[in-house]
1. Just to be sure I understand, how many residues within the stretch 13-39 are more than 14 Å from residue 78 (Cα to Cα) and under 12 Å from the mean Cα position of the chain (by Cα)?
2. I'd like to know if the stretch 1-8 contains one or more residues that are in contact with a helix residue (DSSP H, G or I) (Cβ under 9 Å, 6 or more places away or on another chain), surrounded by 19 or more Cβ atoms within 10 Å (Cβ to Cβ) and part of a strand (DSSP E or B).
3. One residue is enough: does the stretch 20-33 have a residue meeting the conditions surrounded by 12 or more Cβ atoms within 10 Å (Cβ to Cβ), out of contact with any helix residue (DSSP H, G or I) (no Cβ under 7 Å at 6 or more places or on another chain) and at pLDDT below 90?
4. Residue check, residue 43 against (1) over 26 Å from residue 180 (Cβ atoms); (2) assigned to a loop (DSSP other than H, G, I, E, B), all met but one. Which one?
5. Residue check: is residue 11 touching a helix residue (DSSP H, G or I) at 6+ places or on another chain (Cβ under 6 Å) and in contact (Cβ under 8 Å) with a residue 40 or more places away in the chain?
């Protein structure tokens, strides 16, 4: 479920999101560190009670929106006992967030019903014979090494700006496209600021529209010059 919530948080203007259930409290969360677990649980509990009051009053809540000066809360019921809560900037594109998260509700519900099983501990190997020598472990393949490559703190905000620029070109599918393209990029070259032009070319292949590619590359040049 974490990967699904991560896709939502990658949308422009989204600060974080979490899934709250009446039975278990916080089922999954992708919220900024400033939000502590107790605070998230309190927010989820209050919103769940508000939705329940609406149901009791025979109001059909398909979703709920609460606006503050500094943020906006969007609430979407997953089941009668579970909510998806999204915290976004007040000026965020609400339509894009609602559309994208709405398409993911079924997958989130499935993930709640079928959580990933805990990895089982591998069985202990049989003791080797006294004369045998331990076998050297083969290094992981290059592809596995690339997927494990970490994005440094300097690069992360630049990638977020690129993701936002990509979203203007291809819409709500930008987060998963960005994620997959970064994996390909990291397999080809080291994920550094100096190699961002390689990433931009890979993203242009995903846009596949000359006019939109030009707009994206103009945005890319502005982002690169300011980084």
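The values are calculated or read from the model by the stated rules, or taken from the named source; none is laboratory data. Computed from a predicted structure; not experimentally measured. Here the Cβ is made from the backbone with ideal geometry for all residues, glycine too, and neighbour counts use every protein chain on show.
1. Residues in the stretch 13-39 being more than 14 Å from residue 78 (Cα to Cα) and under 12 Å from the mean Cα position of the chain (by Cα): 6 in total.
2. Checked against the condition, which is being in contact with a helix residue (DSSP H, G or I) (Cβ under 9 Å, 6 or more places away or on another chain), surrounded by 19 or more Cβ atoms within 10 Å (Cβ to Cβ) and part of a strand (DSSP E or B), the stretch 1-8 yields no hits at all.
3. no
4. Residue 43 satisfies every listed condition except (2).
5. Details: touching a helix residue (DSSP H, G or I) at 6+ places or on another chain (Cβ under 6 Å): yes; in contact (Cβ under 8 Å) with a residue 40 or more places away in the chain: yes.
Considered against the rule, which asks whether it is touching a helix residue (DSSP H, G or I) at 6+ places or on another chain (Cβ under 6 Å) and in contact (Cβ under 8 Å) with a residue 40 or more places away in the chain, residue 11 comes out as yes.
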